[in-house]
Amino acid sequence: ALLFITVYKADGFYEFVESSCVFNSTKLDDIEYIRSYYYNKLEYTRFSSSVGKYVGYTEYGVRNAEAWNKDTGDLAAMRAQKETYCLINVGNDHEAAL
């Protein structure tokens, strides 16, 4: 699995975004793109290419997910990450492992 983390810190609180590609093979059908949003180690919203939309896990996360799911352009861009971001990197990782 590929994993990239971005961390933001303000006044002792941490917010970070984690993007990952979960895969069993280099076939596009076997790859899942996940972007998780955290605040102080608590995941509040997640986009999964398997679900195809944002899902909120806290009150704040549910409000974010509802707003973000209304943005069809952003949803299309997130859905495309499976192919444009994961597929290339998974192929590179697979070749390097061989």
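The values are calculated or read from the model by the stated rules, or taken from the named source; none is laboratory data. None of these values were measured; they are calculated from a predicted model. Cβ: placed from backbone, ideal geometry, glycine included. Neighbour counts: every protein chain shown. The accessibility values were calculated without ligands, DNA or RNA, using every heavy atom of the protein model including side chains. Shrake-Rupley method; radii C 1.70, N 1.55, O 1.52, S 1.80 Å.
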What number goes with the only condition from (1) open to solvent by 50 Å² or more (accessible area, probe 1.4 Å); (2) under 30 Å from F13 (Cα atoms); (3) in a helix (DSSP H, G or I); (4) in contact (Cβ under 8 Å) with a residue 12 or more places away in the chain that E83 does not pass? (2)
Six or more apart or on different chains, Cβ atoms under 7 Å: show the pairs whose first residue is in segment 27-52 and outside any loop (DSSP other than H, G, I, E, B) and buried (at least 19 other Cβ atoms within 10 Å of the Cβ) and whose second is basic (K, R) and modelled with pLDDT under 95. I31/K82; Y33/K82
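Are any residues in segment 56-73 of a type in the set (A, V, I, L, M, F, W, C) and out of contact with any Phe, Trp or Tyr (no Cβ under 8 Å at 6 or more places or on another chain), and if so, which ones?
Step one: filter segment 56-73 for residues of a type in the set (A, V, I, L, M, F, W, C), giving 62, 65, 67-68.
Correct list: V62, A67.
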What's the total number of residues in segment 53-79 that are part of a helix (DSSP H, G or I), open to solvent by 40 Å² or more (accessible area, probe 1.4 Å) and within 18 Å of S36 (Cβ to Cβ)? 11
Candidates N69, N40 - the one that is at pLDDT below 90 and under 30 Å from F13 (Cβ atoms): N40
Can you pull out the residues in segment 12-37 that are modelled with pLDDT under 90, within 27 Å of E66 (Cβ to Cβ) and charged (D, E, K, R)? E15
